[in-house]
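Below: the structure, in structure tokens.
No value in this document is a laboratory result; all are computed from the given coordinates. Everything numeric in this text was worked out from a predicted model, so none of it was measured. When we count neighbours, we look across all protein chains shown, and the Cβ atoms used for this are built from the backbone with ideal geometry, even at glycine.
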Amino acid sequence: RKEVEQDPGPFNVPEGATVAFNCTYSNSASQSFFWYRQDCRKEPKLLMSVYSSGNEDGRFTAQLNRASQYISLLIRDSKLSDSATYLCVVNTRYNFNKFYFGSGTKLNVKP
Amino acid sequence: NAGVTQTPKFQVLKTGQSMTLQCAQDMNHNSMYWYRQDPGMGLRLIYYSASEGTTDKGEVPNGYNVSRLNKREFSLRLESAAPSQTSVYFCASSEGAGIVGNAGELFFGEGSRLTVL
């Protein structure tokens, strides 16, 4: 079973739409959670960390549900520039240096 | 603002050839990583180095070797390349877990696209 699972999409949404992605993780010892963004043929870059209390950064909101072992990313008022693949990343309290990546969810924002 | 630098960016090899991917970071990070990315598979950890002088296997280490040459540099070697090693390779670095308990943000190089024929 994969450590981290994501719906590959693609999610095709119009500009201005609200879209949400979920990511499930299998290891109950998972400690830290992140969303990374990857543009086509580019390197991944950190979008935001996910805190237990949930956190917001502008149009982006991340939530953690430890009981059900998933994290979510909500994007409000989608922009064309949000088109990318969003990677869910976790590590465990047994080895903070080992990051596990989901295979990513592709988002296409259309005019 | 170099960050993480990988070389080469592109390489074509024949089966059985060897090569080394070079990676250097200028952020004084303790931890460095090598990932491969294949379509539909996400990034998979090959090897990592939590600190200078240490290296550990990741999820897919077979067919690879690594060297943490110093704090800045972490190389990945393919001794006898196979078509299954055709992939995009990313080097990354982070501050490292230390005693804080969170390795921090991963900073990636631009990737090395390797094709093995």
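When the Karplus curve 6.51 cos²θ - 1.76 cosθ + 1.60 is applied with θ = phi - 60°, which whole-Hz ³J(HN,Hα) does each residue of the range A:105-111 get, with x for Gly and Pro?
10, 8, 10, 10, 9, 9, x
Per-residue Cβ counts within 10 Å, from other chains only, averaged over B:36-42: what number is that?
5
If you wrap a convex hull around the Cα atoms of chain A, how much volume per residue is inside, in Å³?
97 Å³
By average Cβ neighbour count within 10 Å, what is the ranking of B:11-18, A:99-106, A:60-67 from highest down?
Output ranking for B:11-18, A:99-106, A:60-67: A:99-106, A:60-67, B:11-18.
In whole Å, what are the Cα extents of the range B:32-88 along the three principal axes, biggest one first?
So the extents along the principal axes, rounded to whole Å, are 31, 24, 16.
From the phi of every residue in the range B:62-73, what ³J(HN,Hα) in whole Hz does the Karplus formula 6.51 cos²θ - 1.76 cosθ + 1.60 yield, where θ is phi - 60° and glycine or proline is x?
5, x, 10, 9, 10, 9, 8, 5, 6, 5, 7, 10
Taking springs between alpha-carbon atoms closer than 10 angstrom, which of A:Lys45, A:Lys98, A:Lys79 fluctuates most in the Gaussian network model of chain A?
Of A:Lys45, A:Lys98, A:Lys79, the Gaussian network model singles out A:Lys98 as fluctuating most.
Using the per-residue mean of other Cβ atoms lying within 10 Å as a proxy for protection, in what order, highest first, do the peptides B:20-26, A:22-28, B:41-47 fall?
In decreasing order of mean packing, B:20-26, A:22-28, B:41-47 become B:41-47, B:20-26, A:22-28.
Would you tell me the mean number of C-beta atoms belonging to other protein chains that fall within 10 Å of each C-beta in A:30-39, as a whole number?
Counting other chains' Cβ atoms within 10 Å and averaging over A:30-39 gives 2.
For labels at A:Leu46 and B:Glu52 in the simple 7 Å Cα→Cβ model, what's the distance in nm?
Taking the two extended label points, one gets 2.3 nm.
What is the P(r) of the range A:28-84, as percent of Cα-Cα pairs per 5 Å bin from 0?
Per 5 Å bin, starting at 0, the Cα pair percentages come out as 4, 17, 27, 22, 17, 9, 3, 0.
With only Lys, Arg, Asp and Glu charged, each at its Cβ (+1 for the first two, -1 for the last two), find how big the charge dipole of chain B is about the Cα centre; round to the nearest 20 debye.
With Lys and Arg at +1 and Asp and Glu at -1, about 320 debye.
Below 8 Å between Cα atoms, with a sequence gap of 6+, how large is the relative contact order for chain A in percent?
Reported as a whole number, the value is 38 percent.
Amide H neighbours of A:Lys98 under 5 Å, at least 5 residues apart or on other chains, H built in the peptide plane: list them.
When sequence neighbours closer than 5 places are left aside, the close amide H contacts are A:Thr92.
Mind checking the mean number of beta-carbon atoms from other chains within 10 Å of the Cβ atoms in A:82-92?
1
Could you give the distance between the Cα centres of the range B:67-83 and the range A:33-69, to the whole Å?
Centre-to-centre (Cα) distance: 30 Å.
Name the residues whose placed amide hydrogens come within less than 5 Å of the amide hydrogen of A:Leu107, ignoring near sequence neighbours (fewer than 5 apart) on the same chain.
Here the answer is A:Phe11, A:Ala84, A:Thr85, A:Tyr86, since their amide H atoms fall under 5 Å of that of A:Leu107.
Sorted by packing (mean other beta-carbon atoms within 10 Å per residue), highest first, where do A:82-88, B:60-66 land?
Answer by packing, highest mean first, reads A:82-88, B:60-66.
Of all DSSP beta bridges in chain A, what percent run antiparallel (nearest 5)?
Once the DSSP bridges in chain A are tallied, antiparallel ones form about 90 percent.
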